[in-house]
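This report refers to the structure that appears directly beneath it.
Please treat every number below as a calculation from the coordinates, not as lab data. Keep in mind it's a predicted model, so treat the numbers as computed, not measured. We place every Cβ from the backbone using ideal geometry, glycine too, and count neighbours over all the protein chains shown.
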Amino acid sequence: MMNSQEEDRLLVVRAQNGDRLAVERLVRKHQRLVFSLSLKFIGHHHDAEEVAQDALVKAMRSIDRFEGDARFSTWLYRIVFNTAVSFRRKKRLPMLSLDEPGELPVVSDFQTDHALHQQERFSQLHEAIAQLNPTDGLLIELFYLGEQQLQEIEQITGISSNTIKVRLFRARQKLAAILDPSLALR
Amino acid sequence: MMIQASDQQLLWDYLDNQLDAKARLALETRLAKEPALAEQLQRYRSVHQLLSDDKLAASLPENFEAAVLAKIPLKQQKNPLTASSGRLLNILMIATGGLTGLAYWLQQNNLPGLNTNNLPLPESQTLLMSMLCLNGFLILLLIDRYLQHRRWLHGA
């Protein structure tokens with residue numbers, strides 16, 4: 001069975017040859033994460049929608065410039081990142097801080113029961129990620145949902161791999177402490 | 001029992017498949033001997049599973065996909081600057097510019113380069129002017145191509 005990366009590669013070649021269906025499949029496949037990342041970058045639902053749409057349209061229009069020297073997803077997320085940075089600059093929004101580690105989130109409001117329904121755990125996790133420093137939330141999404149390697153996240157965000165690793169560790173520790181407060185004591 | 005930060009990092013790396021075979025084996029040996037470490041791994045594993053689930057991604061706004069696809073033209077157009085006609089234009093520009101410069105240099109230095117065809121001076125000036133005009137025309141074409149490129153890039 002074809003893996004996700006191979007599927008992307010084939011779809012990109014078809015899209016570069018003007019295959020509309022391949023373009024649609026690429027959009028369909030990546031749109032959710034593109035929007036999710038945009039939301040992390042921008043923080044506001046309506047603006048994130050604009051940024052995500054803009055990034056996807058830009059990517060699909062310039063797909064013949066994708067040369068395959070990186071993964072398609074890495075190339076696409078880089079476009080999302082650049083589009084979001086331009087948007088923030090245009091709207092005079094403060095840039096994401098790449099150095100501040102962020103405050104520790106409050107853990108007291110969360111339940112400790114391990115038998116919580118999965119959906120409830122997800123909503124807890126959503127809330128927990130929302131409490132992270134926006135850059136940490138973004139790194140978590142790129143690493144886990146985007147399945148990007150540290151070097152690829154470095155290409156996308158410009159943050160060094162070592163810093164990413166440290167930030168991911170801190171972010172996971174915070175999330176673990178929120179979802180399982182007994183871990184905060186260790 | 002307190003788990004050291006370096007061990008915590010090791011556990012996350014283990015779950016994220018960031019360890020090489022040797023390091024994995026070493027950790028697995030430790031896990032068999034250190035129940036506290038194994039317990040911590042189980043706790044991290046439940047968080048890790050949640051983090052790796054694509055349900056974590058935000059839900060799409062309504063009609064998002066349709067809005068994106070509507071902005072992408074039905075027929076994918078080639079980038080006007082990198083399409084073959086764009087490349088030809090760039091090559092022509094450089095070639096004509098080079099020839100114009102050469103003609104100008106020959107004329108300025110009174111060299112017989114333009115007289116190889118036995119052209120008298122006024123005619124060589126006419127030739128030079130023609131080449132300058134051609135170059136100007138190509139520059140206009142190139143500007144038009146760049147404007148097309150900008151429109152193409154911004155989806156107009």
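Ranking A:GLU24, A:GLU141, A:GLU127, A:GLU120 by Cβ neighbours within 10 Å, fewest first, what do you get? List each step's numbers first, then the result.
Working: A:GLU24 17, A:GLU141 23, A:GLU127 14, A:GLU120 11.
Sorted ascending by nearby Cβ count, the order is A:GLU120, A:GLU127, A:GLU24, A:GLU141.
Pairs A:LYS29/A:LYS174; A:LYS90/A:LYS165; A:LYS58/A:LYS90; A:LYS29/B:LYS71: which exceed 28 Å Cα-Cα? If you can, show how the numbers build up before the last one.
Numbers: A:LYS29/A:LYS174 30 Å; A:LYS90/A:LYS165 30 Å; A:LYS58/A:LYS90 17 Å; A:LYS29/B:LYS71 17 Å.
Over 28 Å Cα-Cα: A:LYS29/A:LYS174; A:LYS90/A:LYS165.
Roughly how many nanometres apart are two label points built 7 Å out from the Cα toward the Cβ at A:GLU154 and B:ALA38?
For the pair A:GLU154/B:ALA38, the computed spacing is 3.7 nm.
So how far apart, in nm, are the two label points at A:PHE169 and A:GLU120 if each is 7 Å from Cα heading toward Cβ?
Roughly 3.4 nm, to one decimal.
If each residue of separation counts as 0.36 nm, what is the full-extension length gain between A:SER161 and A:ALA130 once their alpha-carbon separation is subtracted? Could the numbers behind the result be given before it?
Numbers: separation 31, 0.36 × 31 = 11.16 nm, distance 2.31 nm.
Contour length minus the Cα-Cα distance gives 8.9 nm.
Would you mind calculating the relative contact order of region A:118-185 from Cα pairs under 8 angstrom and at least 6 residues apart, reporting the percent as a whole number? Walk me through the numbers on the way to the answer.
On the way: 44 pairs, mean separation 22.4, N = 68.
Relative CO of region A:118-185 lands at 33 percent.
Using 1/(1 + (r/R0)^6) with R0 = 45 angstrom and r between the beta carbons of B:SER46 and B:ARG150, what's the FRET efficiency to the nearest 0.05?
0.35
How large is the charge dipole for region A:118-185, taken about the Cα centre, if only the Cβ atoms of Lys, Arg (+1) and Asp, Glu (-1) carry charge, to the nearest 20 debye?
On the way: 6 positive and 8 negative charges, 50 e Å.
Roughly 240 debye for region A:118-185.
By count of other Cβ within 10 Å, fewest leading, how are A:LEU76, B:LEU10, B:LEU134 ordered?
Details: A:LEU76 26, B:LEU10 20, B:LEU134 15.
So the residues, fewest neighbours to most, are B:LEU134, B:LEU10, A:LEU76.
Describe numerically, in nm with one decimal, the distance between label points set 7 Å from Cα along Cα→Cβ at B:GLN4 and at B:ILE143.
6.9 nm
With r defined as the distance between the Cβ atoms of A:HIS46 and B:THR29 and R0 fixed at 41 Å, what FRET efficiency is calculated, to the nearest 0.05? Display every interim value, and only then the final one.
Working: r = 53 Å, r/R0 = 1.28.
Taking R0 as 41 Å, the efficiency between A:HIS46 and B:THR29 is 0.20.
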